[in-house]
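Okay, structure first, notes after.
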Amino acid sequence: MKWRLAHFGLDLASPEDYIKSSVCEITQEIEDIGAFAFYTDNSALDVKLNGPNTEHTLLTCVGHIVLQVPVPRPECLDQIVEIINTRELLAHPLKRFGKSYSPHFILDKGDEETATADPFEIYDALSKVEQSIIHGNEQTEHNVMGSPNEMMLTVLPVPSILVRTEPSMNRSKLSQKINTIVRLNNTIRNLYSSPDFATELSSLLIQDLNYLLSYHVMTYLDNTIPGIATDTELDAGIAQYLGISNSILQGGTVSDMEVGGTSLQRIVRCINSGEKIIIVEGGSAENLCFELSKQIAFNRIWKKSERETQVVHIDETGEVQRMEIGVIRDFHWGFWDGESVFEPQDIVAPRYSLNRTEGNHSSPELKEIIGKLKQMDPDFRLYPQEHLAASHLYTTLSKSGTDVAEQQIIICEVSIDRIVLGPVLRHLREKFTGGQNICLLLIGTSVENAAKFKYLPTPDEYRNLIISLTELKERQDLEEKSMNFSHILSTELKLISTYLKGLSRAEIRRILGSVIVAKGKLDTDYIRDYIKEILIRENKEVDHLNPNPRVERRRLTREDIYDGTSMNFEKKFDEVEEESSGSLVGDPEEEEAASNDSLYDSLKGLEPLVHWAKRKGNLFTPEAKEYGFVRYPKGLLLTGVPGCGKTMAAKIIAEEWGMSLTRVNPDDVTSRFMGANEENIRKILDTLVENAPSICFIDEAEKLFTQMNDGIQGASSQSIDSTESILLQFMEENNDPVFFVFTCNDINKMSPALIDRFDACFFVDLPDKDSRAEIIQLMLKERKKDGLGLVHEKLAANSNGFTGRDIRGAIEESMMNAFSENRELEQSDLEMAFQQISSTSSTHEKQIEAMRSLVKQGKVRSANTTRIVIKTAEKFDVSIG
């Protein structure tokens with residue numbers, strides 16, 4: 001799981017929404033916060049901000065502080081100035097911040113003396129402006145349609161204690177920061193209420209305290225704001241945690257495993273661990289050169305070598321190019337001297353050197369090897385690009401024993417003959433013992449015993465935007481339009497960067513160049529429409545081109561926080577956000593409508609199965625991989641009485657997990673031809689991998705995989721065993737997100753080896769009375785019969801032993817009778833139908849009891865809800881328990 005604004009209660013919202021969703025107002029200062037005792041007096045450690053170790057607690061146990069002065073969000077400073085000045089909302093414009101920010105705004109009075117702007121006046125002015133897109137910045141991105149005054153905080157959300165217990169944060173420091181804000185806020189409140197407030201001394205004191213309060217709120221949100229002193233008592237602000245993985249849920253931290261981090265981070269770690277040969281698949285070689293050069297600039301590769309490191313690219317034509325590291329400031333690219341410290345506003349932008357290098361054709365080792373190969377095969381020859389690439393590699397390695405100070409990371413796109421490449425690989429692996437470091441990254445060539453990675457470029461739209469604009473500014477063709485670059489607002493750049501997701505630098509450069517030529521400026525609306533047209537033509541997503549929908553917030557009571565029976569704490573993050581749009585206490589019809597948003601609600605009386613499915617579904621997320629899970633879940637086996645909802649459960653799980661469902665019937669696998677079964681199952685498995693993430697659903701699987709108990713095996717049974725072996729091997733070794741859901745009516749006919757491959761095996765029993773009442777109510781509602789005053793509990797009592805399928809049959813039978821008589825459905829119709837229809841369970845009594853005994857023995861798990869019956873004292877006999 002990664003930290004998001006929602007975990008800190010800071011999703012863009014109005015002050016009223018923050019207060020509505022808060023569990024308590026923080027008004028009390030803690031004298032000794034280091035004691036870590038939980039208080040109940042509206043402090044930062046109030047018990048109401050604590051709760052179970054779940055994401056539900058993170059998202060809902062949020063308090064608030066009513067600030068005595070409006071404080072601007074750090075990520076919105078530029079946009080606030082832009083709106084105030086362009087609309088002339090104040091008597092004097094605000095000074096633009098540029099590269100250095102401040103906790104307060106300054107009025108620009110021309111030659112006159114400047115003065116601090118009143119934050120209340122700014123907040124009131126913004127309140128008069130219609131809604132617009134609030135985009136934030138590249139670090140704290142919003143891209144939400146909202147009221148401009150929401151860019152200033154009058155209510156500060158206080159996250160759960162669980163957030164401040166995260167090992168990567170210092171709980172004492174984060175809570176202490178909140179405590180400081182509460183203390184300053186209370187001081188300002190007391191001064192405002194003081195009878196001497198009107199004096200000049202008090203006014204100056206208020207101004208200083210307002211500045212101090214703004215400073216602490218802003219550094220609490222972002223502790224790396226350019227121009228504002230960093231709070232040395234706080235390790236990091238909230239903005240520094242966004243997007244960073246955490247291990248707060250399910251307790252404990254995990255070590256950094258191979259599955260963790262981006263593909264670039266894994267490649268860098270591999271280089272630093274001493275690997276000399278790395279195979280890279282996917283991605284752009286040019287982009288990889290760019291990213292590795294940036295890692296060198298940040299001193300993340302061979303940090304202790306104290307040598308100059310160079311990225312060299314051998315492209316697919318055999319041409320050799322070196323990367324030069326530069327820095328962009330104000331749309332001007334300049335060489336980095338290798339020592340200067342990067343400023344926060346700097347954009348590190350490597351580019352290819354204009355000087356191209358050709359391979360040395362006179363390498364004696366290469367000539368000798370080619371000569372020997374031609375002696376053995378007169379027709380042997382190297383393609384020109386192979387010769388150029390091999391020449392450079394042989395020449396480079398021949399210098400490795402000298403005193404050359406430069407280190408090299410060589411990225412080679414040319415597929416070189418394995419025999420010619422062999423001495424290079426041996427030299428790197430065995431003979432390379434001193435001198436400079438050299439690492440060879442091969443793209444398009446596969447060799448044995450080498451590290452192998454699939455490279456996925458890390459998205460960085462804002463940096464790509466600045467680089468593209470810098471390259472356009474350098475073009476002579478756009479010289480007459482270069483004045484546009486001096487008038488680009490930072491807020492425009494941040495908004496445009498949200499539109500560029502998924503586009504390469506070359507595509508961005510072409511789009512921006514076309515827009516500048518067509519409109520004479522960077523027209524944001526024109527850019528958005530231009531990109532939308534391109535993405536639609538390429539069948540790509542365009543959702544990011546529109547503002548994100550506002551997330552409505554809801555009020556939770558203390559009982560809702562701690563009552564695990566009424567709320568599901570293991571929901572995926574997106575599910576919790578969706579459900580939080582409803583009001584927890586309010587109109588029953590609204591609550592009922594909100595509950596039906598989840599298909600899981602249709603599985604009446606199967607809460608243990610639903611609970612398991614929700615938790616297991618989370619393991620298919622990237623956050624689970626980053627947490628440390630090294631493999632995906634494999635499967636679920638459902639057994640039980642026919643007609644109790646096993647098939648429906650499989651379909652609902654696939655839909656809720658957002659995975660494609662492939663239904664396989666026994667006829668799709670079995671064949672009368674020898675070897676056809678094996679071929680069929682392999683095709684099915686290949687399709688599942690191709691469509692991953694996917695779910696394979698096999699109903700009544702015992703008909704396909706039948707355990708042979710008589711010891712006699714013919715050709716058909718051998719074919720079944722072979723088919724099962726292929727499936728068993730796939731479930732054991734496959735690393736793709738493919739999940740199997742099998743249902744069977746008789747688990748004893750399934751082989752133990754196959755049962756053992758599933759993550760869980762559930763027995764779906766007959767629904768109890770409460771579940772039958774819920775099923776009847778749901779089915780009648782689906783058939784538009786929920787407003788007839790029918791007594792569901794009485795019908796449930798008359799349907800003892802009925803499965804869901806039996807209940808459906810009885811309801812449809814009674815509806816058919818009423819419809820044929822041209823009248824509305826009545827209670828007596830349903831009662832008569834339930835009396836006349838024979839239940840499925842009556843013919844499966846022995847089978848049901850046998851499966852129930854497996855549950856008692858702990859061999860399978862019960863999918864049905866355990867009902868707790870509270871007996872009254874008058875009827876409860878202690879002698880019988």
Query raised in the report: Out of the stretch 416-426, which residues are in contact (Cβ under 8 Å) with a residue 12 or more places away in the chain and either within 11 Å of V447 (Cβ to Cβ) or outside the structural domain of E386 (by TED's automatic domain parsing) (or both)?
Result: I416, R418, L421, V424, L425
Report summary line: Reported set for the stretch 822-849 where residues are at pLDDT 85 or above and outside any helix (DSSP H, G or I) is N822, R823, E824, L825, E826
Query raised in the report: R322 passes all but one of (1) assigned to a strand (DSSP E or B); (2) within 28 Å of the chain's Cα centre (by Cα); (3) among the basic types (K, R); which number fails?
Result: (2)
Query - Long-range neighbours under 6 Å by Cβ, at least six apart or interchain, first residue more than 16 Å from T491 (Cβ to Cβ) and polar (S, T, N, Q) within the stretch 148-164, second modelled with pLDDT of 90 or more and part of a strand (DSSP E or B) - result: T154/L67; T154/P70
Query raised in the report: Which one of these does T723 not meet: (1) farther than 30 Å from A692 by Cβ; (2) assigned to a helix (DSSP H, G or I); (3) at pLDDT below 85?
Result: (1)
Query raised in the report: Could we say that D124 is within 23 Å of N210 (Cα to Cα) and more than 36 Å from the chain's Cα centre (by Cα) here?
Result: yes
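Answer yes or no as to whether G51 is in the same structural domain as E25 (by TED's automatic domain parsing), small (G, A, S) and within 23 Å of I178 (Cβ to Cβ). Step through it out loud before you land on a result.
Values: in the same structural domain as E25 (by TED's automatic domain parsing): yes; small (G, A, S): yes; within 23 Å of I178 (Cβ to Cβ): yes.
In short, yes.
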Query raised in the report: Out of the residues in the stretch 98-133 that are surrounded by 13 or more Cβ atoms within 10 Å (Cβ to Cβ) and touching a Leu at 6+ places or on another chain (Cβ under 6 Å), which is farthest from Q345 (Cα to Cα)?
Result: A125
Query - Any pair with Cβ under 7 angstrom, 6 or more apart, that starts in the stretch 643-669 at a residue that is touching a residue at least 60 places away in the same chain (Cβ under 8 Å) and ends at one that is basic (K, R) - result: G643/R805
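Looking at N143, is it in contact with a Ser or Thr (Cβ under 7 Å, 6 or more places away or on another chain) and part of a strand (DSSP E or B)?
In short, yes.
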Requested in this report: Taking the residues in the stretch 332-342 that are within 15 Å of S293 (Cα to Cα) and hydrophobic (A, V, I, L, M, F, W, C) as candidates, determine which candidate is modelled with the lowest pLDDT.
Outcome: F342
Query raised in the report: Looking at the stretch 213-244, which of its residues are part of a loop (DSSP other than H, G, I, E, B) and at pLDDT 90 or above?
Result: D222
Requested in this report: State which residue is surrounded by the most Cβ atoms within 10 Å (Cβ to Cβ) when the search covers only the stretch 759-774 and only residues that are in contact with a helix residue (DSSP H, G or I) (Cβ under 6 Å, 6 or more places away or on another chain) and part of a helix (DSSP H, G or I).
Outcome: R772
Query raised in the report: Being farther than 22 Å from P459 by Cβ, at pLDDT 80 or above and crowded, with 19+ Cβ neighbours inside 10 Å, is that true of even one residue in the stretch 278-291?
Result: yes
**Report entry** Residue, modelled with the highest pLDDT, within the stretch 396-416, restricted to residues that are surrounded by fewer than 18 Cβ atoms within 10 Å (Cβ to Cβ) and of a type outside the set (G, A, S)
**Finding:** E406
**Report entry** Only listed residue being at pLDDT 85 or above, farther than 22 Å from D315 by Cβ and either in a loop (DSSP other than H, G, I, E, B) or not basic (K, R) (or both), chosen from Q345, Q375, Q385
**Finding:** Q375
Query raised in the report: crowded, with 16+ Cβ neighbours inside 10 Å and at pLDDT below 90, is that true of N143?
Result: yes
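The values are calculated or read from the model by the stated rules, or taken from the named source; none is laboratory data. Remember, predicted model here, so these are calculated numbers, not experimental data. Heads up, the Cβs are rebuilt from the backbone with ideal geometry, glycines too, and the neighbour counts pull from every protein chain shown.
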